[in-house]
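Remarks on the structure that follows.
The values are calculated or read from the model by the stated rules, or taken from the named source; none is laboratory data. All figures in this text were calculated on a predicted structure; none of them were measured in a lab. Quick reminder, even Gly has a Cβ in these numbers, built from the backbone with ideal geometry, and neighbours come from all protein chains shown.
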Amino acid sequence: MRLLAVAATLALASVVSGCGPKRPASSPEPTVYVAKPLQRKVVDWDDYVGRFVARNSVDVRPRVSGYIQSSHFRDGQMVRQGQLLFVIDPRPYQAALTQARGQEAHAQATLANARIELARAVKLLADRAISEQDYETRLAAEQQAAADLTTAQGQVQTAALNVQFTKVIAPLTGRISDKRVTVGNLVSQDATVLTNITDLDPIWFSFDGAESLYLKYERESQAGVRPQSRTFANPVEIRLQDQPDYVIKGRMDFVDNALDPGSGTIRGRAVVPNHDLILTPGMFGHLRLLGSGSYIGLVLPDTAITAQQSDQIVYVVDRDGRIQQKKVQTGPLVDGLRVVRSGLSADDEVVIDGLQRARPGTRVKIRPGRITPPNPGSSPTPPDLAPPPAAATFDAPAR
């Protein structure tokens, strides 16, 4: 019986021990893909928001009053300087011109007669046949007739100009607005707005910049380190609301002479070619202006950079094959890759895939990855400062 009890006890202990916790098996090391950051020539840009402004915009007004007789353009078309736009009824002004010419002819006849009388008076005075008073009277009459003729000639010129002004012509080349008045309407001299014309090619882009950026540009210019392009002086690039890239090229041509005391900003302006006339005054855009000279920078895909609160973090693999994190400062995009200004070296092996498995201090298996610019050729560097072609891929050795 004692032997049976011992056997039962051993069996029960074996069952209990079989139901206890099992020893955990070691988990496999996660696999990540790494690559060294690419090195590219970089030029920093400062970003602004502004709008396009016409270089010249003119409200077309009549130079004489009258009734619109005809119009000679289509709403919204391009017009040339000197092109006929409206005709104001010229008949009253032609009649005034005829009357002025008649008065001019009368003044010419009066002056001719006065000169004859004066010449006769000169001879009579020499023979002492008339008094000096009579001579002076005829001299004054001749001078008055000459003055009357000058006045009549001025009236003829004014009447002729009024006839000419009945034809309203385009003062500049550009796109015309719609007709503000139609045929048959009465318009007033220098008051009624007939239409508007804006000059579109080239066009201006106006924006406001902070005082700090203005000081930076001025100090760089004085030190002779302000970045310049051989193609454009102070080049700018602009994108519209529906454009992902800065494809519109231009150059700075004006900075105001004073800062706005209310906002602490200063107005700047760029001139932009607009041969296809797509750009229209009032249209908003994003402008970037060269903010630094060129330098060699490290670039990574945005997917390799994570955010921890206000910090930007990248994960690298150290010599022991463990994950380490580095705090970095980022910059603009170059060919679709993010510039890393500081916190990273060119020899670091950065985790570009498998970030969800990357934990600081964790040992990992690494595989060589590839960094390929998603938008090659879209670098914000001006063409004459563009970096030379280089390999876009770096393979990290597997461990």
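Worth pointing out:
- Any hit, the range 196-213, residues being in a loop (DSSP other than H, G, I, E, B) and surrounded by fewer than 15 Cβ atoms within 10 Å (Cβ to Cβ): no
- Cβ-Cβ distances below 7 Å connect the following pairs, each with a first residue in the range 150-171 that is closer than 22 Å to GLU104 by Cα, a second residue that is in a loop (DSSP other than H, G, I, E, B), and a separation of six or more residues or different chains: ASN162/VAL64; VAL163/PRO90; PHE165/ARG63; PHE165/VAL64.
- Some residue of the range 302-314 being within 30 Å of ARG357 (Cα to Cα), of a type in the set (D, E, K, R) and surrounded by fewer than 19 Cβ atoms within 10 Å (Cβ to Cβ): yes
- The residue that is surrounded by the fewest Cβ atoms within 10 Å (Cβ to Cβ), counting only those in the range 322-333 that are out of contact with any Asp or Glu (no Cβ under 6 Å at 6 or more places or on another chain) and of a type outside the set (Lys, Arg), is GLN329.
- Residue that is farthest from GLY102 (Cα to Cα), among those in the range 120-150 that are at pLDDT 90 or above and small (Gly, Ala, Ser): ALA140
- If you filter the range 129-182 down to residues that are in a helix (DSSP H, G or I) and among the acidic types (Asp, Glu), you find that the one that is surrounded by the most Cβ atoms within 10 Å (Cβ to Cβ) is GLU142.
- Considering only residues in the range 334-371 that are of a type in the set (Lys, Arg) and either in contact with a helix residue (DSSP H, G or I) (Cβ under 8 Å, 6 or more places away or on another chain) or in a loop (DSSP other than H, G, I, E, B) (or both), the one that is surrounded by the most Cβ atoms within 10 Å (Cβ to Cβ) turns out to be ARG338.
- Note on the range 274-311: residues that are more than 18 Å from ASP335 (Cβ to Cβ), outside any strand (DSSP E or B) and touching a residue at least 40 places away in the same chain (Cβ under 8 Å) amount to 8.
- Qualifying position, being of a type outside the set (Asp, Glu), within 41 Å of the chain's Cα centre (by Cα), more than 30 Å from GLN243 (Cα to Cα) and modelled with pLDDT under 80, among LEU355, LEU344: LEU355
- Condition broken by VAL314, with the remaining ones in (1) free of Cβ contacts under 8 Å to residues at least 60 places away in the same chain; (2) within 28 Å of the chain's Cα centre (by Cα) satisfied: (2)
- Test: residue in the range 333-341 that is out of contact with any His (no Cβ under 6 Å at 6 or more places or on another chain), within 27 Å of GLU218 (Cβ to Cβ), free of Cβ contacts under 8 Å to residues at least 60 places away in the same chain and not aliphatic (A, V, I, L, M): yes
- Test: residue in the range 214-230 that is under 20 Å from ASP47 (Cα atoms) and at pLDDT 80 or above: yes
- Top-ranked residue in the range 72-128 [being in a helix (DSSP H, G or I) and β-branched (Val, Ile, Thr); ranked as surrounded by the most Cβ atoms within 10 Å (Cβ to Cβ)]: THR110
- Residue check for ALA96: without any contact (Cβ under 8 Å) to a residue 60 or more places away in the chain, over 34 Å from the mean Cα position of the chain (by Cα) and assigned by TED's automatic domain parsing to the domain that holds ARG180: no
- Of all the numbered requirements in (1) out of contact with any helix residue (DSSP H, G or I) (no Cβ under 9 Å at 6 or more places or on another chain); (2) modelled with pLDDT under 85, LEU277 misses one, and that requirement is (2).
Residue by residue, here is whether (1) more than 30 Å from ALA95 (Cα to Cα); (2) under 33 Å from the mean Cα position of the chain (by Cα) holds:
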site	(1), (2)
ALA147	no, no
GLN155	no, no
LYS179	no, yes
VAL193	no, yes
ASN196	yes, yes
PHE205	yes, yes
LEU213	yes, yes
